[in-house]
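J.: A single structure is presented below for examination.
We did not get these values from a lab; they are worked out from the coordinates using the rules stated. Nothing here was measured: the structure is a model prediction, and the numbers come from that model. Note: ideal-geometry Cβ built from the backbone for every residue, glycine included; neighbour counts use all protein chains shown.
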Amino acid sequence: MLTVNEQQVSHEAVQTIGELAAIHKPLADLFILNGYPVPSTTRVRDGDTCTLIVKGEIPTPEEMNSLLSARHTPGVQERIRNSTIAILGLGGLGSAVAGAMAKIGIGKMLLSDYDIVEPSNLNRQHYFVDQIGMMKTRALKENLLRMNPSLSLELIEEQLTESALPGLFAKVDVLIECFDDPAMKAATLRCILSEATMQNVAYVGSSGMAGFGDSNTIQTKQIRPGVYICGDETSAAGPGQGLMSPRVGVAAHHQANQALRLLLQEDEGRKH
Amino acid sequence: MSILGQAPSAMNITLNGNKTDFDNISTISELLENLDLAVDSVVVELNTKIIQPDSYGATQLGEGDGVEIIRFVGGG
């Protein structure tokens, strides 16, 4: 057997990677054998992993899904693909969380921010210089669809308040709080813990990731089953301790991984 | 234990899992002020019930109450 573009195939009839491409990807102009580019005349052997690429070709949604299923295993990918998450605040945390979730093929994302991309954001937020002045929602949508064109994205461009949250987010699987403002961080957790309609929404919040302190002080802490906060709980953004891409990224990926764990029902103490 | 061991105004509450004595406080607002915590960046749970911020001033604390306070710092 061979692995060809993440699928298992028999190779009885072929001897070279070029012959394999003629069957599975006739227009391929780049041949990768076990991780290395090779000429089309290179022989293939049982157990080899072959990637056949047409340069510039965008995979169809079906192809994207099958690539992700092969990487993540089908059961895991089906869960991810059938999930909806919300990301509140699209700054250093939110833009990074969104990228991670886009790459693993999340089904649907609700992206919420009312702000535009400013030059001062670019030290940590995943936007490009030519997007300065755009709404963060729209700039991020553009970027995420370049990572994974199969995503379903819903943009929420109003300034959120505590009372607006249940109406907008009661149906998502996981709500990921990435606000800058500590008052909105607190308001979101309070809403999750006290609103009856939010009881089935899992939550991953954030607190404390400014500066360049030890990475390992950033933790994922369970408040109760289904409710988690990532960060070091103390490093506030302020003069002399700015938000910087590396450490904000550590916290963001704690959040993204915890969100994934919740989607895959890895949640200590919670009954499903 | 001496009956004079504790001032009459002291109250023992379990704050984030730790038994703690407080002097001269009776409400959640006073507790937050005593702890030097900003009212708008915390979530307060009293005996497993979330308290809304507009009730902090009116919510009385009693001996033996369990209070959980989650404090958020800015940045994202």
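J.: Note the full-extension length gain between residue A:161 and residue A:32 as 0.36 nm times their separation in residues minus their Cα-Cα distance, in nm to one decimal.
T.: Net length gain for the segment: 41.4 nm.
J.: Full-extension gain between residue A:212 and residue A:24, please, as 0.36 nm times their residue separation minus the C-alpha to C-alpha distance. Walk me through the numbers on the way to the answer.
T.: Details: separation 188, 0.36 × 188 = 67.68 nm, distance 4.85 nm.
Here the answer is 62.8 nm.
J.: Residues with amide H under 5 Å of residue A:211's amide H, sequence separation 5 or more or different chain, H placed in the peptide plane at 1.01 Å from N; which?
T.: Here the answer is A:242, A:243, A:244, since their amide H atoms fall under 5 Å of that of residue A:211.
J.: Given points 7 Å out from each Cα along the Cα-Cβ axis, report the residue A:220 to residue B:35 separation in nanometres with one decimal.
T.: With each label placed 7 Å out from Cα toward Cβ, I get 2.6 nm.
J.: Can you work out D for the protein assembly as shown in µm² s⁻¹ from Stokes-Einstein, where Rh is the Kirkwood radius over C-alpha pairs, the temperature is 4 °C and the viscosity is 1.567 mPa s? Numbers along the way, then the final one.
T.: Values: Rh = 22.9 Å.
Answer from the Stokes-Einstein relation: 57 µm²/s.
J.: Additional query: Mind listing the long-range amide H neighbours of residue A:219? Cut-off is under 5 Å, sequence gap 5 or more, other chains count too, H placed in the peptide plane at 1.01 Å from N.
T.: A:231, A:232
J.: While we're here: How large is ³J(HN,Hα) for each residue in region B:64-76, as worked out from phi by the Karplus curve 6.51 cos²θ - 1.76 cosθ + 1.60 (θ = phi - 60°), to whole Hz, x for Gly and Pro?
T.: Whole-Hz 3J(HN,Hα) from phi for region B:64-76: x, 4, x, 10, 10, 10, 10, 10, 9, 10, x, x, x.
J.: Determine the shape class of region A:115-218: with a ≥ b ≥ c the square roots of the Cα gyration tensor eigenvalues, call it rounded for a/c under 1.5, and otherwise prolate if a/b is greater than b/c, oblate otherwise.
T.: On the way: a/c = 1.81, a/b = 1.27, b/c = 1.43.
Oblate, since a/c reaches 1.5 and b/c is not below a/b.
J.: Can you classify region A:74-263 as rounded, prolate or oblate using the Cα gyration tensor, where a ≥ b ≥ c are the square roots of its eigenvalues, rounded means a/c under 1.5, and otherwise it's prolate if a/b beats b/c and oblate if not?
T.: On the way: a/c = 1.32, a/b = 1.08, b/c = 1.22.
It is rounded, given that a/c, with a ≥ b ≥ c, falls under 1.5.
J.: In percent, what relative contact order does chain A have, based on Cα pairs under 8 Å that are 6 or more apart in sequence?
T.: Details: 510 pairs, mean separation 41.0, N = 272.
Averaging sequence separation for qualifying contacts and normalising by length gives 15 percent for chain A.
J.: Can you pull the mean other chain C-beta count within 10 Å for peptide A:185-196? If you can, show how the numbers build up before the last one.
T.: Working: counts 10, 11, 5, 2, 5, 9, 2, 2, 6, 6, 1, 0.
Average per residue, whole number: 5.
J.: Measure nothing fancy, just the Cα-based angle from helix A:92-103's long axis to the longest principal axis of chain A, in degrees from 0 to 90, nearest 10.
T.: 30 degrees
J.: Compute the long axis of helix A:61-72 from its Cα atoms, compare it with the longest principal axis of the Cα atoms of chain A, and write down the angle in degrees, 0 to 90, nearest 10.
T.: 80 degrees
J.: Next question. Per 5 Å bin, what percent of the C-alpha pairs of region A:2-57 does each bin hold, from zero upward?
T.: Using 5 Å bins, I get a P(r) of 4, 23, 38, 27, 6, 1 for region A:2-57.
J.: Longer than 31 Å from Cα to Cα, which of A:141/A:185; A:141/B:49; A:108/B:49; A:25/A:171; A:25/A:136 are they? Say none if no pair is. Present the calculation step by step, with values, prior to reporting the outcome.
T.: Numbers: A:141/A:185 23 Å; A:141/B:49 39 Å; A:108/B:49 33 Å; A:25/A:171 41 Å; A:25/A:136 38 Å.
Correct reply: A:141/B:49; A:108/B:49; A:25/A:171; A:25/A:136.
J.: Cα gyration tensor of region B:10-71, axes a ≥ b ≥ c as square roots of the eigenvalues: rounded (a/c below 1.5), prolate (a/b > b/c) or oblate? Spell out each step's value before the answer.
T.: Details: a/c = 1.41, a/b = 1.28, b/c = 1.10.
Note, shape of region B:10-71 comes out rounded.
J.: Which ³J(HN,Hα) values, rounded to whole Hz and listed in residue order, are derived for region A:218-227 from phi using the Karplus coefficients 6.51, -1.76 and 1.60 in 6.51 cos²θ - 1.76 cosθ + 1.60 with θ = phi - 60°, glycine and proline given as x?
T.: Whole-Hz 3J(HN,Hα) from phi for region A:218-227: 7, 10, 9, 10, 7, 8, 6, x, x, 9.
J.: Shifting gears a bit: Return P(r) of region A:155-272 (all Cα-Cα pairs; 10 Å bins starting at 0; whole %; ordered from short to long distances).
T.: 13, 44, 33, 9, 0
J.: Rounding to the nearest 10 and keeping the result within 0 to 90°, find how far the Cα-based axis of helix A:182-194 lies from the longest principal axis of chain A.
T.: The angle comes out at about 80 degrees.
J.: So what are the ³J(HN,Hα) numbers for region A:42-50, from phi and the Karplus equation (6.51, -1.76, 1.60; θ = phi - 60°), rounded to whole Hz, Gly and Pro as x?
T.: Going residue by residue, I get 5, 6, 10, 10, 3, x, 5, 10, 10 Hz, with x marking Gly and Pro.
J.: Listing A:46, A:173, A:113, B:40 from the residue with the fewest other Cβ atoms within 10 Å to the one with the most, what is the order?
T.: Numbers: A:46 8, A:173 19, A:113 27, B:40 13.
So the residues, fewest neighbours to most, are A:46, B:40, A:173, A:113.
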